[in-house]
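A short worksheet on the structure shown next.
The values are calculated or read from the model by the stated rules, or taken from the named source; none is laboratory data. The model shown is predicted, which means the values in this text are computed figures rather than measured ones. Note that we place each Cβ from the backbone using ideal geometry, even for glycine, and neighbour counts take in every protein chain shown. SASA here: full protein model, heavy atoms, side chains in, ligands and nucleic acids out. Shrake-Rupley method; radii C 1.70, N 1.55, O 1.52, S 1.80 Å.
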Amino acid sequence: LHGANDSIDLTGNAPRCHHIESAGIKMNHQAQFWLIVGSQNLYGKEVLETVDARGREMAAAISASGHLPFPLVYKGTMKSADEITATFKEANYDDRCLGIISWSHTFSPSKMWIGGFALLQKPYCHFATQYNKEIPNEAIDMDFMNLNQAAHGDREHSFITSRMGIRKKIIAGYWQDAAVQQRLGEWMRAAYGVHVSRNLKVLRFGDNMRQVAVTEGDKVEAQIRLGWQVNTWPVGDLVQYIQAVGETEIDALMALYEQQYRLCTDNLESVRYQARLEIAMRKFLEDKGCHAFTDTFEDLHGMEQLPGLATQRLMAEGYGFGGEGDWKTAAMCHIMKQMARGKTLGTSFMEDYTYHFTTGEDGLVLGSHMLEICPSLAEGEARVEVHPLGIGGKKDPARLVFEGRAGEAIAVSLVDMGGRMRLICQDLDCVKPIMDMPNLPVARVMWRMQPSLAVGLEAWLRAGGAHHTVLSFDLKAEQMRDFARMLDIEFVHLSKDTCLEQLEKDLFIMDLVWN
Ligand code: MN
């Protein structure tokens, strides 16, 4: 596959990262984050050499911890406004640099940083840490105090970014602690999501489903704010690709299906047609350089089936998908899959389908779609089945049927509120489906909303969340908050702590702020 990052120079010298490798869409193997350390010339050569050595040591040790998805590269100790401005300019034009992390070992007067921050175009994290973990009782004297000033250096450093309105992540804690390193790693994934977003091309086969509101949106605003190029191709162009697929290519893919899945159908012609679709759609996506796509059952002119198995397998490879023309969910699906690269619990397009109300507070939601749930969520075997679709008036499509896994997850929905995008993220507890539902012909995922079905549902509806979401077991709400902050879009988190009265007030204030 040819990824959007292939144009980036892959010949540099930065250490190759092994934690985030996975099959499917390629990524920029030189991707890295930069650590810069704040200081000033006031302290003299000896102190500055110590600061420099410690910055180098810190970057190397955290990179080697196994907790980061990308290497952290030390880019020097900043002692003057000119150095700072030059480093930020370099970060802006270097495609390998996905973000800057800064730390003030000593005091670093922040008027020196204004010129740099004014130019900053990359994600930024203020790392509030210090070299020593504890106060060394007998070793502490005024020399020690002059060298180790992070506690008040942090405040000077953060004042200027607050005053300038710089969108910053703040991570506080000791740099050798695993939990702190993990938070750095999770933020890096969110920053990588921003990089993916700014390079994303979304391919629409046909338009949105007629009369549906929530899948609509301002594609120009999405490109300005999020970087997405969202464009439409006629289904007839895809049909030409479908007709060009050869029988031997289909034979080879059918052999792979037989290895990977249990084929529970006599209608192998239907399965072969999905193989034909998979080959044609992948080639079309590659030719257009797109990593997310939509289709709609209302526009399949010249096609025999709605893509089912084909779309599920493309999603498993890393492509984003949204049903019924839902380009916003398709884009978020790809971005979140890339943020979760190398993780294995799964991320998929999802739709809230049916409630399971109970008398207590443990009601459930059944999530699925007409066909297109990503098998990365599957627990146990995935079966290929063929059933009628009921709508669309086409032949019976083959699809993968499976049960979703149990565990903590998030559901994410991006809606266009008119003049702004709102990203809604809800915490879920997925459960193994409590019934076998033998006549349900699609993949099934079941969850509890936090803090309960009633409160979680009222909160989701209050916020205007869509019926389509991206569900991920591999990402956390904090990462989606980071992503939204970096791209300057509204963020609403629905969690175990959601209070409906407070949420209503918060949304009212957000309407005033954004309008
Ligand atoms: Mn749908």
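Structure summary
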read-out: Kirkwood hydrodynamic radius of the range 338-404, Cα pairs, Å; value: 14.1
read-out: Protection proxy ranking of 107-120, 498-511 - average other beta-carbon atoms within 10 Å, highest first; value: 107-120, 498-511
read-out: Per residue value of the accessible surface for the range 196-300 (all protein chains in place, 1.4 Å probe), Å²; value: 47
read-out: Qualifying aspartates and glutamates (Cα of each under 20 Å from Cα of residue 219; at least 8 residues distant if same chain); value: 207, 295, 324, 326, 416, 488, 490
read-out: Measure of compaction for the range 313-438 (Cα Rg per 2.2 N^0.38 Å); value: 1.12
read-out: In Å, descending, principal axis extents of the Cα set of the range 55-140; value: 45, 33, 16
read-out: Residue-span extension gain [residue 454 to residue 213] - 0.36 nm each, minus C-alpha spacing; value: 84.3 nm
read-out: Test item: Cα-centred dipole of the range 435-494, Lys/Arg +1 and Asp/Glu -1 on Cβ, debye; value: 120
read-out: Straight-distance crosslink candidates among aspartates and glutamates, where the alpha carbon sits under 17 Å from residue 45 and sequence neighbours closer than 8 are dropped; value: 83, 143
read-out: Accessible-area order (highest first, 1.4 angstrom probe) of the listed residues 269, 278, 138; value: 138, 269, 278
read-out: Subset of 394/432; 89/201; 89/288; 75/168; 168/496; 111/169 violating a 23 Å alpha-carbon distance limit; value: 394/432; 89/201; 89/288; 168/496
read-out: Mean projection area, nm², convex hull over Cα of the range 114-219; value: 10.9
read-out: Apportionment of accessible area to carbon and sulfur, the chain, percent (1.4 Å); value: 50
read-out: With DNA, RNA and ligands ignored, accessible area of residue 152 (1.4 Å probe; Å², nearest 10); value: 90
read-out: Geometric extent, Cα atoms of the range 271-386 - Rg, Dmax (angstrom); value: 15.2, 53
read-out: Qualifying GluC sites (Glu not before Pro) in the range 324-396, DSSP loop, other Cβ atoms within 10 Å at most 13; value: 361
read-out: At q = 0.10, 0.20 Å⁻¹, base-10 log of I(q)/I(0) for the range 380-515 (Debye sum, equal scatterers on each alpha carbon); value: -0.43, -1.15
read-out: Net dipole in debye of the range 202-354 [+1 Lys, Arg Cβ; -1 Asp, Glu Cβ; about Cα centre; nearest 20]; value: 640
read-out: Spherically averaged projected area in nm², based on the convex hull that wraps the Cα atoms of the chain; value: 26.4
